[in-house]
């Protein structure tokens, strides 16, 4: 058990001690500038959905959308510390024809 100042450390304290995160360089952005950037992205992408809302529209769970974003299958932008999915991406996923049944594994699909 790890101790600090004679008391047991919490899991978060141990994690922070073992894996310190470097301080991010923060760029000063005024609330007005942040809102203008958000509004411009809304106009450019045809609206923006939060991840839970995009998942609800597409009929999947939040983790699926976050996985698509991580694998670059869906583009996302970040504003106000929240990931936003462009409306065009949601529409593309909705109108994409889907094959019947479970998707094949990659090894069989390439052969």
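The values are calculated or read from the model by the stated rules, or taken from the named source; none is laboratory data. Everything numeric here is computed off the predicted structure, so don't read it as measured data. Heads up, the Cβs are rebuilt from the backbone with ideal geometry, glycines too, and the neighbour counts pull from every protein chain shown.
When restricted to residues that are over 14 Å from residue 53 (Cβ atoms), in contact with a helix residue (DSSP H, G or I) (Cβ under 7 Å, 6 or more places away or on another chain) and in a helix (DSSP H, G or I), the stretch 64-88 contains 1.
Residues considered: 71, 66. Of these, the only one that is at pLDDT 80 or above and surrounded by fewer than 11 Cβ atoms within 10 Å (Cβ to Cβ) is 71. Filtered by the rule that a residue be loosely packed, with under 14 Cβ neighbours inside 10 Å and assigned to a helix (DSSP H, G or I), the stretch 43-63 gives 43, 44, 52, 63. Among the residues making up the stretch 74-92, those that are more than 13 Å from the chain's Cα centre (by Cα) and surrounded by 15 or more Cβ atoms within 10 Å (Cβ to Cβ) are 87, 89, 90. The set of residues in the stretch 1-42 that are within 20 Å of the chain's Cα centre (by Cα) and either at pLDDT 80 or above or part of a helix (DSSP H, G or I) (or both) comprises 34, 35, 37, 38, 39, 40, 41, 42. Taking the stretch 45-83 as the range and being over 24 Å from residue 98 (Cα atoms) and without any contact (Cβ under 8 Å) to a residue 40 or more places away in the chain as the test, the residues that pass are 77, 78, 81, 82, 83.
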